[in-house]
Amino acid sequence: MRVLILVENLPVPFDRRVWQEACALRDAGHEVTVICPQMRGYTQAEEVLEGIQIYRHWISGEAGSLGGFITEYASALWGEFWCAVKAWRRGGFDVIHLCNPPDLLFLVALPFKLLAGVKVIFDVHDLWPEMFEAKFGRRGIMYWAVRMAERCTLALADVVIATNQSVLSAVKRRGKLRDDRAFVVRTAPSRMNTSAPVDDSLRAGKKYLVGYIGVMGNADGVDYLVQAAEHIVKNRGRKDVQFLLMGSGPEHAELLALRDRLGLQDCVSMPGRVSDEFLCRALRSIDLGAACDPINAYNDHCTMNKVLEYMAFARPMVMFGTVEGRFSAGDGAEYVMENSAAQLGDAILQLLDDEPRRKRLGAAGHARLTQDLNWERSVEQLLAAYRAA
């Protein structure tokens, strides 16, 4: 089949899930094209990478406000539609694969479905209504517009795939989907260099190194981790812990300012977006990984990439006890069951001071990832979804 994948919020190959899906479809013999935004250092408008055609379009920027969301999504829809027209003129496609958020990409797929009979697969990365509510803390006319967009996408889709069973259950209920049209495709990493060299310089002379990798937005809870670092340094008097917070996002500048206001420049490094090579060295070097996504209705449904990446490197974790977080990590993490920076900091210290437990948790997480949540199983489900479509 000729497959067109649309993703709005990250470019490829930076978006690991989308890139792994594209490569799996290519390996299965399909012809794959991906449309994504120009961002995060990936600005080339067109390229062929590992046999996959990529079109990238201009986008207004990552939104941090309601007005920013409207501008971002309007520019994205315009760019993705014209890239889809270009892909259609150059060879066409049989399946259009929509990766959310947002749930507005059905507007790009609609004319191709109605006029050319193209099949539509809806790849649910996040429950967008819950994401919207968590970000803005309220419901209103825009929230209900988001719910309507989700409903329209579910109605248009021939097949739905989701990152986990929790998300799939929600969209099956909302879209009244049959079991043979709904599949779980998890996001276990498959292309990371887990044998990268350890880099002790990242410790900045400290005994322990705590790592974070992920988006830095106001729904990701990185402020909890910065405040937990303050609690460890100032309230617990620990000077032997270094924090390495990797990633970028709309709140990165504000988080840097928070770190500086708290006087944590000497113990919290925030390099922004890092290369794959740096990331793998860092994950090999940390003593534990932190997942600070707060417990709420949105995060309870999310499988966080960072959690699976810590598990791939056999690193123990401290994390807030979201429902899907606990399912993914299993016995590989220490859970904090309240959104509290102080409790997060204390849990980090307790695990740092217990090396045998760190080793047990790291080994348990790695075993769970490789045995139960591995990417090969997800590829089987992905290909089954395409057969169904």
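What to note about this one:
- Computed from Cα positions, the angle between helix 16-27 and the longest principal axis of the chain comes to roughly 50 degrees.
- Coarse-grained scattering of the chain at q = 0.06, 0.09, 0.15 Å⁻¹, given as base-10 log I(q)/I(0) from a Debye sum over alpha-carbon atoms: -0.23, -0.52, -1.41
- Net charge of the neighbourhood of Glu150, taken over other residues with C-beta under 9 Å away and scored Lys/Arg +1, Asp/Glu -1, is +2.
- Taking every Cα-Cα distance in region 289-379 and sorting them into 5 Å bins starting at zero, the pair-distance distribution P(r) comes out as 3, 16, 27, 24, 18, 8, 3, 1, 0 percent.
- Summing Lys and Arg as +1 and Asp and Glu as -1 over all other residues whose Cβ lies under 11 Å from the Cβ of Gln165 gives a net charge of +1.
- Degrees between helix 66-90 axis and first principal axis of the chain (Cα, 0 to 90, nearest 10): 50
- Size descriptors for region 1-131: radius of gyration and Dmax over Cα atoms are 13.8, 42 Å.
- Here the relative contact order of the chain, from alpha carbon pairs under 8 Å that lie six or more residues apart, stands at 14 percent.
- Label-point separation in nm, Arg273 to Gln381, each point 7 Å along Cα→Cβ: 2.9
- Entry comment: accessible area of the chain is 40 Å² per residue, from protein heavy atoms only and a probe of 1.4 Å.
- Cut-off 17 Å, label 7 Å out along Cα→Cβ of Ala257, residues of region 217-249 by amide N: 217-219, 222-224, 226-227, 249
- Heavy-atom accessible surface of region 36-188: percent carbon and sulfur, 1.4 Å: 58
- Anisotropy class of region 218-340 from Cα gyration tensor, a/c 1.5 cut: rounded
- Surrounding net charge for Leu77, when Lys and Arg each add one and Asp and Glu each subtract one, Cβ distance under 12 Å: -4
- Plainly put, region 134-267 has a radius of gyration that is 1.11 times its Kirkwood radius, both from alpha-carbon atoms, as the Rg/Rh ratio.
- Net charge dipole, region 255-378: roughly 220 debye, given to the nearest 20, about the Cα centre with Cβ charges of +1 for Lys and Arg and -1 for Asp and Glu.
- Under 20 Å between alpha carbons - lysine pairs in the chain that sit 8 or more apart or on different chains: 12
- Here each label is just a point 7 Å from Cα along the line to Cβ, and for Asp331 and Asp199 those points are 3.3 nm apart.
- Geometric descriptor of region 104-193, per residue, is 133 Å³ (volume of the convex hull of the Cα atoms).
- Kirkwood-based Rg to Rh ratio, region 48-113, C-alpha trace: 1.00
The values are calculated or read from the model by the stated rules, or taken from the named source; none is laboratory data. Here the structure is a predicted model, which means the values were calculated and not measured. For neighbour counting, all protein chains shown are included, and Cβ atoms are generated from backbone atoms with ideal geometry for every residue, glycine included. We work out accessible area using only protein heavy atoms, side chains counted, and drop any ligands, DNA or RNA first. Shrake-Rupley method; radii C 1.70, N 1.55, O 1.52, S 1.80 Å.
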